[in-house]
Amino acid sequence: MKSSDQKLSEDLAKLLTEQRNPASTELDRLSTFDVLKLINSQDKLVPLAVEKEIPFIAKGVELIVQAFKMGGRLLYFGAGTSGRIGVVDAAECPPTFGSSPTLVQGFIAGGERAMFQSQEGAEDNIEQATRDVERLAITSKDVVCGIAASRRTPYVVNVVKRARELGAKTIYVTTNPRSDFNLEVDAAICPEVGPEVVTGSTRMKSGTAQKLVLNMLTTASMVRLGKVYENMMVDLQLTNKKLVERSKRIVMTATGVSYEKAEEALKESEGHVKTAIVMIAANVSRQEAQKRIKDADGFIRGAIAKSQ
């Protein structure tokens with residue numbers, strides 16, 4: 001009879017992400033230039049694989065937008081590279097879109113230390129998966145997104161399973177084929193990027209694909225919530241000098257006013273870019289601009305159109 005370790009080894013060997021890439025079998029003999037050229041040629045395949053998943057990514061966005069409108073959250077869970085990518089995407093949402101740090105959150109098997117150093121056995125710890133779900137008090141308002149290149153990561157699988165039992169909507173991002181996907185989720189996103197240049201190193205093409213998908217999930221969701229005007233960030237938080245100056249440029253670009261006028265409007269709006277734009281474009285007070293934005297569900301176009 002086969003041992004559990006032997007069976008695991010055989011199961012892993014079947015995964016596309018664990019296969020050897022025939023294009024890179026001579027990798028160790030190549031010059032630096034040719035190594036880089038080969039990696040780049042393989043990386044070019046990633047956005048094409050992601051493109052094929054757009055219908056499924058769109059389904060994920062709809063789930064997220066609905067959750068946000070109900071007061072729910074988007075919670076990423078992953079292990080290793082996948083977990084780190086989720087944490088990074090979540091951390092970028094507040095400064096980019098002015099969202100609450102609790103709206104999009106990322107969690108990695110093994111906790112914060114695992115962001116910087118691999119934690120032995122963390123990805124296999126299904127008990128910790130259950131504890132993490134319970135600690136976050138996940139409800140039917142939330143969306144839980146599991147991220148695992150292999151699809152099979154026990155920690156991630158069990159988080160998603162438990163979250164689903166609690167009524168949460170679930171998304172899963174994996175870079176193994178959809179034909180091999182056998183989990184119960186609301187949206188499976190499966191960009192098939194093929195074997196890695198370095199066998200099994202899923203921080204490469206798989207990690208890039210995951211980053212692209214998460215970028216799309218959060219960015220499209222925020223656009224759907226009115227946090228972008230034209231193609232400009234209008235809910236950014238002015239947490240440093242660069243962002244303060246960017247906010248002035250956004251107001252100038254959106255309204256055509258001078259630097260001084262944009263600076264004045266931002267000061268009057270207490271640093272809220274949306275409010276400053278509506279104040280100028282609709283020629284209204286801060287209070288009226290805020291009311292219009294609220295009535296327009298956060299969309300600047302609707303707030304401005306009210307006076308036209």
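Read the figures in this text as sums done on the coordinates, not as results from a lab. Please read these numbers as outputs of a predicted model, since none were measured by experiment. Quick reminder, even Gly has a Cβ in these numbers, built from the backbone with ideal geometry, and neighbours come from all protein chains shown.
Summary table
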{"read-out": "Listed residue (Gly226, Val133, Thr175) projecting farthest to the positive dipole end of the chain, Cβ model", "value": "Gly226"}
{"read-out": "GluC sites (Glu not before Pro) within the range 215-308, DSSP loop, no more than 16 other Cβ atoms inside 10 Å", "value": "Glu230, Glu270"}
{"read-out": "Antiparallel bridges, percent of DSSP beta bridges restricted to the chain (to nearest 5)", "value": "10"}
{"read-out": "Gaussian network model of the chain, springs between alpha carbon atoms under 10 Å - residue of Ile39, Ile277, Ile85 with greatest fluctuation", "value": "Ile39"}
{"read-out": "Most mobile of Lys59, Lys205, Lys291 in a GNM of the chain (Cα contacts under 10 Å)", "value": "Lys291"}
{"read-out": "Additional length obtainable on full extension of the chain from Leu30 to Glu230, 0.36 nm per residue less Cα span", "value": "67.4 nm"}
{"read-out": "FRET efficiency, 1/(1 + (r/R0)^6) with R0 35 Å, evaluated for Met70 and Asn21 via beta carbons", "value": "0.20"}
{"read-out": "Backbone HN-Hα couplings from phi across the range 42-58 [Karplus 6.51/-1.76/1.60, Hz, Gly and Pro as x]", "value": "6, 4, 5, 6, 5, x, 5, 5, 5, 4, 5, 9, 3, x, 7, 5, 4"}
{"read-out": "Entries of Lys161/Lys291; Lys52/Lys161; Lys44/Lys141; Lys14/Lys37; Lys211/Lys261; Lys37/Lys242 with Cα pairs more than 32 Å apart", "value": "Lys161/Lys291; Lys44/Lys141; Lys211/Lys261; Lys37/Lys242"}
{"read-out": "The chain: calculated mean residue ellipticity at 222 nm from DSSP helix runs of at least 4, using -39500 (n - 2.57)", "value": "-16000 deg cm²/dmol"}
{"read-out": "Highest to lowest packing among 185-192, 103-110, scored as the average C-beta count within 10 Å", "value": "103-110, 185-192"}
{"read-out": "Rounded to whole Hz, the Karplus (6.51, -1.76, 1.60) HN-Hα couplings of the range 16-23, x for glycine and proline", "value": "4, 5, 9, 6, 7, 8, x, 6"}
{"read-out": "Shape of the range 74-233, Cα gyration tensor, a/c cut at 1.5", "value": "rounded"}
{"read-out": "Alpha carbon convex hull of the range 127-219, projected area averaged over orientations, nm²", "value": "6.2"}
{"read-out": "Tilt relative to the chain, helix 126-135 - C-alpha long axis, 0 to 90 degrees, to 10", "value": "20"}
{"read-out": "On Cα atoms only, tilt of 4-14 relative to the major axis of the chain in degrees", "value": "70"}
{"read-out": "Listed residues Leu27, Leu236, Leu48, most fluctuating in the chain (Gaussian network, C-alpha, under 10 Å)", "value": "Leu27"}
